[in-house]
Amino acid sequence: PMALRRLPPEIWERIIDCLYGQYHTLQICTQVCRNWRRQSLQLLPEKVRMRSRDDVLEFSMQRGHHWKGPRKVRIYGGSRDDEQQPVPHLSVFLAMLAGRWTRLQDLKIFNAVLRPQDLSYDVFHDLASGFSFLTGLRLENVTLPSIVTFRRLLSSLPKLRRLRCWPVDF
């Protein structure tokens, strides 16, 4: 019988490059060996931006159910600094990815109006149970319904160490 020959590292790098977007598979590749880890980590996003419900659905449905997620998520309302828009996709993000994106450390919300209908009890429950490991929260150009809502938001993040709010209105 013929002995199996080892493939050169350049071939493995090309194969791993073809896995772009298959986050669960890339995550598994990071555990095979040092070379695969380096190459695979380059293809896994550290930061994800979500501007709509469709962005949330794309990441939750098409990116593999076992991918542990990025380290940072940015949720956008308006696209310009002077434009605030509602972020109903925040509650969709929390509901669909709670408990699945366990690598997530920082949540940033920009140019957003958090309306009462977007902040049901479930939103705070999803934060407390599915994202309890968050250590950073940044609210930039955000309007909340009340100071009580702000308190509930902070209370649902027990490991929060970094908080940046600028400007935040109630």
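Residue check: GLN85 meets all listed conditions (1) at pLDDT 95 or above; (2) surrounded by 15 or more Cβ atoms within 10 Å (Cβ to Cβ) but one, namely (2).
Please work out which residue is farthest from LEU134 (Cα to Cα), limiting yourself to segment 65-82 and to residues that are touching a helix residue (DSSP H, G or I) at 6+ places or on another chain (Cβ under 8 Å) and buried (at least 18 other Cβ atoms within 10 Å of the Cβ). Give the derivation first.
In the first step, residues of segment 65-82 are kept if they are touching a helix residue (DSSP H, G or I) at 6+ places or on another chain (Cβ under 8 Å); the result is 65-69, 73, 75.
Subset that is buried (at least 18 other Cβ atoms within 10 Å of the Cβ): 67, 69, 73, 75.
On the way: TRP67: 17, GLY69: 13, VAL73: 11, ILE75: 15 Å.
That would be TRP67.
LEU163 meets the conditions (1) within 26 Å of PRO45 (Cα to Cα); (2) touching a Ser or Thr at 6+ places or on another chain (Cβ under 7 Å); (3) open to solvent by 30 Å² or more (accessible area, probe 1.4 Å) in every case but one. The failed one is (2). Residue pairs whose Cβ atoms lie under 9 Å apart, sitting 6 or more positions apart in sequence or on different chains, and linking a residue in segment 132-155 that is in the same structural domain as ARG80 (by the TED database) and closer than 14 Å to LYS72 by Cα to a partner that is of a type outside the set (Gly, Ala, Ser) and in a helix (DSSP H, G or I), are LEU134/LEU127; LEU137/LEU153; LEU137/LEU154; LEU139/PHE150; LEU139/LEU153. If we keep just the residues of segment 48-61 that are at pLDDT 85 or above and open to solvent by 90 Å² or more (accessible area, probe 1.4 Å), which is nearest to ASP17 (Cα to Cα)? Top of the filtered list is ARG49. On the basis of being open to solvent by 40 Å² or more (accessible area, probe 1.4 Å) and among the hydrophobic types (A, V, I, L, M, F, W, C), does MET96 make the cut? Yes, satisfied.
The values are calculated or read from the model by the stated rules, or taken from the named source; none is laboratory data. These figures come from a predicted structure and were not determined experimentally. Every residue, glycine as well, gets a Cβ built from its backbone with ideal geometry; the counts of neighbours run over all protein chains shown. Just so you know, the surface numbers come from the protein's heavy atoms only, side chains and all, with ligands and any DNA or RNA stripped out. Shrake-Rupley method; radii C 1.70, N 1.55, O 1.52, S 1.80 Å.
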